[in-house]
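Asker: Below are the structure tokens for one structure; questions will follow.
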Amino acid sequence: MYKEIKPMLDAEELINHLNEKGVKFELTSMEDAKKYLEENNNYFKLVSYRKNYLKHEKGENIGKYINLDFGMLEDLSIIDMRLRKTMLSIVLDLEHYAKVKLLSRVESITKDGYTLVEEYIEDLKNKNEYQLLENELNKNIKGTYCGDLVAKYKGEYPIWVFVEIIPFGRFVKFYMFAANKLKDKEMLDEAYLLKNVRELRNACAHNNCILNDLKAGTSEYKTNYRILGEIASIGISKETRNKRMSNSRIQQIVTLLYLNKKITTSKGVLKHQTEDLQKLKSRIEYHISYYDKNNLIQSNLFFLNKIIDNWYNNDI
């Protein structure tokens, strides 16, 4: 069985293909759209946002998109790029302050910085999972930034070194292990939320599209009840919060914004994040009227902006 080989089309051919699929060129002309594809974005990423639009199911336009203009795809790609940059900056701040919190919590109990790491490694060995950690550390040993630390402490890592040489996913697992060992329910709750934002962190770091699938019912996990309570407290109805938070991408974004506000202790960092988020909010609003006929997109963008306006405002 042979797979179909699709030819690589140039910008003009791609524009014509979109036109045949019902995409309009009123907000952005065909000539400007062609230039945009040649200089600013790749077709595959740009058209991924079309998943948020319905197609005609019958009639002469069957299979063609409803109320979709190239300018909308362009606008969503720009918002998404700004969103990724903002979320990545926030999640890196969160990662830092989660490490600070963990170290501070351990230090408040003991001056022994080795035992917890040793117990974690022993636990991995008992579960036949230690090789995965070893592989992660070996990747770093020749690295420019952490190689000297891995080599110097190999096999005997103090906790303040260990949290700096493991990847984020491993840190989340270690945070959860530490929370259980310390019998800290708050930290355990945070560990599950950190696990939820891990995928968003990776998507932002790899420049993956985020807003290209906003339909409800894609989240794997139920939203933390404390987050739902925070959303309810700003006047968002139960129906709306349940629907919006049933989308995995929206759920991860809101979870990150909630958890960051909870763990990040620096007022200066929070102020800077607020400025960035307010700029993002303004960019979302810039062409919001484009989506007057697409409730899926507009309602999700309104939802995110309301979260930003209430959780990250100038009062911080």
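This table checks each residue for (1) in contact with a Lys or Arg (Cβ under 8 Å, 6 or more places away or on another chain); (2) within 22 Å of Lys293 (Cβ to Cβ); (3) of a type in the set (S, T, N, Q).
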position	(1), (2), (3)
Lys35	no, no, no
Tyr49	no, yes, no
Tyr53	no, yes, no
Asp69	yes, yes, no
Gly113	no, no, no
Asn126	no, no, yes
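Asker: Which of the numbered conditions does Tyr153 fail, given that it passes all the others? Conditions: (1) in contact with a helix residue (DSSP H, G or I) (Cβ under 9 Å, 6 or more places away or on another chain); (2) modelled with pLDDT of 95 or more.
Answerer: Against the list (1) in contact with a helix residue (DSSP H, G or I) (Cβ under 9 Å, 6 or more places away or on another chain); (2) modelled with pLDDT of 95 or more, Tyr153 comes up short only on (2).
Asker: Does Glu60 meet the test of being surrounded by fewer than 16 Cβ atoms within 10 Å (Cβ to Cβ), assigned to a loop (DSSP other than H, G, I, E, B) and in contact (Cβ under 8 Å) with a residue 40 or more places away in the chain?
Answerer: Working: surrounded by fewer than 16 Cβ atoms within 10 Å (Cβ to Cβ): yes; assigned to a loop (DSSP other than H, G, I, E, B): yes; in contact (Cβ under 8 Å) with a residue 40 or more places away in the chain: no.
No; evaluated as a whole, the condition is false for this residue.
Asker: Just one of Val254, Val269 is of a type in the set (A, V, I, L, M, F, W, C) and touching an Asp or Glu at 6+ places or on another chain (Cβ under 6 Å); which is it?
Answerer: None of the others qualify; the one that does is Val269.
Asker: Exactly one of these conditions fails for Leu211: (1) in a helix (DSSP H, G or I); (2) within 20 Å of the chain's Cα centre (by Cα). Give me its number.
Answerer: (1)
Asker: Going through region 3-27 one residue at a time, which ones are among the hydrophobic types (A, V, I, L, M, F, W, C), at pLDDT 90 or above and not in a helix (DSSP H, G or I)?
Answerer: Of everything in region 3-27, those that are among the hydrophobic types (A, V, I, L, M, F, W, C), at pLDDT 90 or above and not in a helix (DSSP H, G or I) turn out to be Val23, Phe25, Leu27.
Asker: Looking at this structure, is Leu200 farther than 25 Å from Lys111 by Cβ and touching a Leu at 6+ places or on another chain (Cβ under 8 Å)? Lay out the reasoning, then the answer.
Answerer: Numbers: farther than 25 Å from Lys111 by Cβ: yes; touching a Leu at 6+ places or on another chain (Cβ under 8 Å): yes.
Criteria met by Leu200.
Asker: How many residues, within region 194-216, are more than 23 Å from Asp75 (Cα to Cα) and either acidic (Asp, Glu) or touching a residue at least 40 places away in the same chain (Cβ under 8 Å) (or both)?
Answerer: Going through region 194-216 one residue at a time, the tally reaches 4.
Asker: Looking only at residues that are part of a loop (DSSP other than H, G, I, E, B) and charged (D, E, K, R) in region 265-316, which one is surrounded by the most Cβ atoms within 10 Å (Cβ to Cβ)? First the steps, then the outcome.
Answerer: Applying the first criterion (part of a loop (DSSP other than H, G, I, E, B)) to region 265-316 yields 265-266, 287, 292-294, 312-316.
Now restrict to residues that are charged (D, E, K, R): 292-293, 315.
Numbers: Asp292: 10, Lys293: 12, Asp315: 5.
If we take residues in region 265-316 being part of a loop (DSSP other than H, G, I, E, B) and charged (D, E, K, R), then Lys293 is surrounded by the most Cβ atoms within 10 Å (Cβ to Cβ).
Asker: Exactly one of (1) within 20 Å of Ser289 (Cα to Cα); (2) under 26 Å from the mean Cα position of the chain (by Cα); (3) not polar (S, T, N, Q) is unmet by Tyr43. Its number?
Answerer: Evaluating Tyr43 over (1) within 20 Å of Ser289 (Cα to Cα); (2) under 26 Å from the mean Cα position of the chain (by Cα); (3) not polar (S, T, N, Q) leaves (1) as the failure.
Asker: If I ask for residues that are free of Cβ contacts under 8 Å to residues at least 12 places away in the same chain and over 22 Å from Leu188 (Cβ atoms), which ones from region 218-234 would you list? Before you say what the answer is, go through the steps one by one.
Answerer: If we filter region 218-234 for residues that are free of Cβ contacts under 8 Å to residues at least 12 places away in the same chain, which is where we start, we get 222, 225, 229, 232-233.
Result: Ala232, Ser233.
Asker: Okay, next question. Would you check if Asn260 is over 19 Å from Leu301 (Cα atoms) and buried (at least 20 other Cβ atoms within 10 Å of the Cβ)? So that I can check it myself, show each step before the final result.
Answerer: Working: over 19 Å from Leu301 (Cα atoms): yes; buried (at least 20 other Cβ atoms within 10 Å of the Cβ): yes.
The answer is yes for Asn260.
Asker: Which one of Ala191, Ala178 is in contact (Cβ under 8 Å) with a residue 60 or more places away in the chain and surrounded by 16 or more Cβ atoms within 10 Å (Cβ to Cβ)? Quick ask: steps written out before the conclusion?
Answerer: Numbers: Ala191 fails: in contact (Cβ under 8 Å) with a residue 60 or more places away in the chain.
The match here is Ala178.
Asker: Same structure, new question: Would you mind telling me which numbered condition in (1) more than 24 Å from Asn260 (Cβ to Cβ); (2) surrounded by 14 or more Cβ atoms within 10 Å (Cβ to Cβ); (3) charged (D, E, K, R) Lys111 fails?
Answerer: Here Lys111 clears every test but (2).
Asker: For Lys51, state whether it is of a type in the set (Lys, Arg), modelled with pLDDT of 90 or more and farther than 19 Å from Ile297 by Cα.
Answerer: Details: of a type in the set (Lys, Arg): yes; modelled with pLDDT of 90 or more: yes; farther than 19 Å from Ile297 by Cα: no.
No, not satisfied.
Asker: Among Leu103, Leu83, which is the only one that is at pLDDT 95 or above and surrounded by fewer than 18 Cβ atoms within 10 Å (Cβ to Cβ)?
Answerer: On the way: Leu83 fails: surrounded by fewer than 18 Cβ atoms within 10 Å (Cβ to Cβ).
On inspection, the qualifying residue turns out to be Leu103.
Asker: Are any of the residues in region 172-188 touching a helix residue (DSSP H, G or I) at 6+ places or on another chain (Cβ under 9 Å) and within 30 Å of Asn294 (Cα to Cα)?
Answerer: Our first condition is that a residue be touching a helix residue (DSSP H, G or I) at 6+ places or on another chain (Cβ under 9 Å); within region 172-188, this holds for 172-182, 184-188.
Within this subset, residues satisfying the condition of being within 30 Å of Asn294 (Cα to Cα) are none.
Looking for residues that are touching a helix residue (DSSP H, G or I) at 6+ places or on another chain (Cβ under 9 Å) and within 30 Å of Asn294 (Cα to Cα), one finds none in region 172-188, hence no.
Asker: Picking from Met81, Met72, which residue would you name as being part of a helix (DSSP H, G or I), within 22 Å of Asn202 (Cα to Cα) and either free of Cβ contacts under 8 Å to residues at least 12 places away in the same chain or not polar (S, T, N, Q) (or both)? Walk me through it before giving the result.
Answerer: Numbers: Met72 fails: within 22 Å of Asn202 (Cα to Cα).
Within the list Met81, Met72, the selection yields Met81.
The values are calculated or read from the model by the stated rules, or taken from the named source; none is laboratory data. All values derive from a computational prediction rather than experimental measurement. Here Cβ is always computed from backbone atoms with ideal geometry, including for glycine, and neighbour counts include all displayed protein chains.
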